[in-house]
1. From Phe43, Phe56, Phe24, Phe37, grab the single residue that is in contact with a His (Cβ under 7 Å, 6 or more places away or on another chain), of a type outside the set (Lys, Arg) and assigned to a helix (DSSP H, G or I).
2. Enumerate the pairs (first residue in the stretch 1-20 and more than 17 Å from His69 (Cα to Cα); second residue anywhere and outside any helix (DSSP H, G or I) and at pLDDT below 85) with beta-carbon separation below 7 Å, excluding pairs fewer than 6 apart on the same chain, so at least 6 apart or on different chains.
3. Evaluate the stretch 76-98: report whether one residue or more is of a type in the set (S, T, N, Q), surrounded by 10 or more Cβ atoms within 10 Å (Cβ to Cβ) and at pLDDT 85 or above.
Amino acid sequence: MEEDKREYKKYIKAKKQVEEIKGFYIHLVVYLVINAFLLVPIFRYVSPDELNIWSFSTAIFWGIGLAFHAYSAFGKHLMFSKEWEERKIKEFMEKDKKEYWE
């Protein structure tokens, strides 16, 4: 019974993490699409002499927010840490084991 509770808590934690990562990827796609619509006209109709940092302010400040969202979704595993390598190795080993027995 106690083991079931622990497994359920692990499941809830993993599900929450997956939802956070999914939310980040949705945010990333929206960022790319919106900024494409905003920046294409700037490059098309504004001369290079008229461009300044404020021409890209939406992309810059939203990008900073996106970076914080990435950190909250991936945490310390944002970069390829030793823990990330270990998890991936185990993941691939489990995948190979499943494929072997199927």
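1. Being in contact with a His (Cβ under 7 Å, 6 or more places away or on another chain), of a type outside the set (Lys, Arg) and assigned to a helix (DSSP H, G or I) holds for just one of Phe43, Phe56, Phe24, Phe37, which is Phe24.
2. Close Cβ pairs satisfying both conditions: none exist.
3. no
The values are calculated or read from the model by the stated rules, or taken from the named source; none is laboratory data. Since we're looking at a predicted model, the values are computed, not measured. We place every Cβ from the backbone using ideal geometry, glycine too, and count neighbours over all the protein chains shown.
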